[in-house]
Every structure is written in C-alpha cells, then in structure tokens.
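This report concerns only the one structure given below.
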Amino acid sequence: QVQLVESGGGLVQPGGSLRLSCAASRSIFSDYTMGWYRQAPGKQRELVALMRDDAITTYGDSVKGRFTISEDNAKNTVYLQMNSLKPEDTAVYYCYLASRWLTGPSWGQGTQVTVSP
C-alpha cells in the first residue's frame, strides 16, 4: 500500500489563501486518481478536487474557480492551492489515492483548515 502525508493546513482569514501538499511514499506511474476530500464537523466527507494520471481534473461545485489541484510527479506529490477561502471551507482535508495497482484506496491522516476572522 501507499502512505500519504499531508501538510500545509492552518488558520487563515476569509479571503486568504493556503496551499496543501500530499506526498506519497512511492510512485504510481499510471492508472491512478489522486486528490482531496474534506469533512466538516457533523457533515459527510465531500469531494474537493481530483486529478487523474492523464491530468483530467474534477472539482466539487463549492470550490470551482477558487481551488486548483496540481501535481509534481518527480516528488510523488499533489498540491491543492486554495484561494478566496470562506468560513464554510473549514474542514479536515484528506488526501486520497486510488489505483488499479493498489488493493484499495489510500487516505492521509488529514490536515485541519480553519477559515476565521
């Protein structure tokens, strides 16, 4: 299996920006989807952004136009640039990796993002 380690969460004011990083313990060279989900207190986990190995991206409706997912294959790392943050973006953000080469999806431990004045 692959271990995922997130970093970059924290406290930011509304309208601010943060960049999350997720480093995978090894490369998955093809047939994978990697990205981010989030879960706010009392709510279900929801899609934030995903990127396929062919660079096709998918975004949750609530973050379109504000968040951007990218990857650095040389570093086995995926990033989430979050701009124009809103209080409703407050959640624990989880890194996600799925691939036909793995027995099941991998999840990171989560990183807290808090948007507050």
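When you scan segment 3-17, do you find a residue that is closer than 12 Å to Y96 by Cα and surrounded by 15 or more Cβ atoms within 10 Å (Cβ to Cβ), even just one? Scanning segment 3-17, I find at least one residue that is closer than 12 Å to Y96 by Cα and surrounded by 15 or more Cβ atoms within 10 Å (Cβ to Cβ), so the answer is yes.
Among the residues of segment 24-38 satisfying the criterion of being polar (S, T, N, Q) and more than 20 Å from Q81 (Cβ to Cβ), which is modelled with the lowest pLDDT?
Looking at residues that are polar (S, T, N, Q) and more than 20 Å from Q81 (Cβ to Cβ), I get S30.
Within segment 98-112, residues that are closer than 19 Å to R38 by Cα and open to solvent by less than 20 Å² (accessible area, probe 1.4 Å) reach partners that are β-branched (V, I, T) and not in a strand (DSSP E or B) with beta carbons closer than 6 Å, at six or more positions or on different chains, in the pairs S106/V2.
When you look at S116, is it among the small types (G, A, S), closer than 18 Å to G8 by Cβ and touching a helix residue (DSSP H, G or I) at 6+ places or on another chain (Cβ under 9 Å), yes or no? Spelling it out, S116 is indeed among the small types (G, A, S), closer than 18 Å to G8 by Cβ and touching a helix residue (DSSP H, G or I) at 6+ places or on another chain (Cβ under 9 Å). From the list S27, S84, pick out the single residue that is outside any strand (DSSP E or B), hydroxyl-bearing (S, T, Y) and in contact (Cβ under 8 Å) with a residue 60 or more places away in the chain. After ruling out the rest, the residue left standing is S84.
Residues of segment 62-97 that are open to solvent by 40 Å² or more (accessible area, probe 1.4 Å), of a type in the set (S, T, N, Q) and at pLDDT 95 or above: S62, T68, S70, Q81, N83, S84.
The values are calculated or read from the model by the stated rules, or taken from the named source; none is laboratory data. Being a predicted model, the structure only gives us computed values, none of them experimental. In this analysis, Cβ positions are derived from the backbone assuming ideal geometry, glycine residues included, and neighbour counts consider all displayed protein chains. Just so you know, the surface numbers come from the protein's heavy atoms only, side chains and all, with ligands and any DNA or RNA stripped out. Shrake-Rupley method; radii C 1.70, N 1.55, O 1.52, S 1.80 Å.
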